[in-house]
Amino acid sequence: MAAGIAVIAAQSVAHFVVTLGANLDFAQSDSVFDLERSNGIPDIVSTAVIVAAAVGAMVLAVRAQPGRLLASGLAAALLVVATDDTLHPGYGGTGSDALVVLGTLLAAVTLTTWVALGTHGVARTSLLVGLLLLVLDVKAPFAYDQLMNTVSQPWLVRGDFLYELGVVLDEGMELMGWTFVMVGLWDAALVTRAVTAETQPEISLDLG
């Protein structure tokens, strides 16, 4: 979690440095540190966190007895989400592309919820907090726009501090959400391994 917070802080500062006062209007910055740039460094970091979460789900699937199929499905869904995050098929594509992206995200959220309900302690808390952040992030840009209208700032453009602050908050919430999910899945996998190791001698005795 500390590493995740540090990364969010670093990418936020870098984003402000490359965008504030740059006269971008509605254009994208040429910098790879622009949070709105597709497949820039922050985008790659986010995808890497999702892949790490998928690997955690794979490890959980290997070590879990009940719930193995569920964890396997979650791992597959997260890998598809990571692919979507890299290729951005829903941006400027057909309506069916957007539906596939939305369906994949819903599947990942549903499966993560089921896995969370089957765990306990740190794993469950991390997974549920991560899901909450990701769900809230869906409406975060709209809510921020409404807030700007309320404070009489409806015509913000790229390069304005309040506009870029909204980008930073949105991207930071998303990355923190995936970080919580990743930590939760790995914690569940490690706890499952410990429990299996402790109970294995007893199982052997029963079989004998």
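The values are calculated or read from the model by the stated rules, or taken from the named source; none is laboratory data. Owing to the predicted nature of the structure, the values given are computational and were not obtained by experimental measurement. Backbone-built Cβ (ideal geometry, glycine too); neighbour counts: all protein chains shown. Heads up: the accessible areas ignore ligands, DNA and RNA and are worked out on the full protein's heavy atoms, side chains in. Shrake-Rupley method; radii C 1.70, N 1.55, O 1.52, S 1.80 Å.
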Item to complete: Could you please let me know if L69 is at negative phi, part of a helix (DSSP H, G or I) and open to solvent by 40 Å² or more (accessible area, probe 1.4 Å)?
Response: yes
Item to complete: Would you be able to say whether some residue in the stretch 30-48 is crowded, with 20+ Cβ neighbours inside 10 Å, more than 17 Å from G166 (Cα to Cα) and in contact (Cβ under 8 Å) with a residue 40 or more places away in the chain?
Response: yes
Practice prompt. Please tell me if T86 is of a type in the set (S, T, N, Q), more than 21 Å from G166 (Cβ to Cβ), open to solvent by 40 Å² or more (accessible area, probe 1.4 Å) and modelled with pLDDT under 85.
Written response: yes
Worksheet item: Of L190, L169, L185, L165, which residue is under 15 Å from G121 (Cα atoms) and open to solvent by 30 Å² or more (accessible area, probe 1.4 Å)?
Response: L190
Discussion item. Can you go through L134, L128, L105, L111 and tell me which one is within 19 Å of the chain's Cα centre (by Cα), open to solvent by less than 80 Å² (accessible area, probe 1.4 Å) and at pLDDT 95 or above?
Written reply: L128
Discussion item. Of the conditions (1) open to solvent by 30 Å² or more (accessible area, probe 1.4 Å); (2) at negative phi, V81 satisfies every one except a single condition; which number is it?
Written reply: (1)
Discussion item. A116 - would you say it is at pLDDT 90 or above, buried (at least 17 other Cβ atoms within 10 Å of the Cβ) and assigned to a helix (DSSP H, G or I)?
Written reply: yes
Item to complete: Would you mention how many residues in the stretch 1-26 are open to solvent by 50 Å² or more (accessible area, probe 1.4 Å) and over 23 Å from the mean Cα position of the chain (by Cα)?
Response: 6
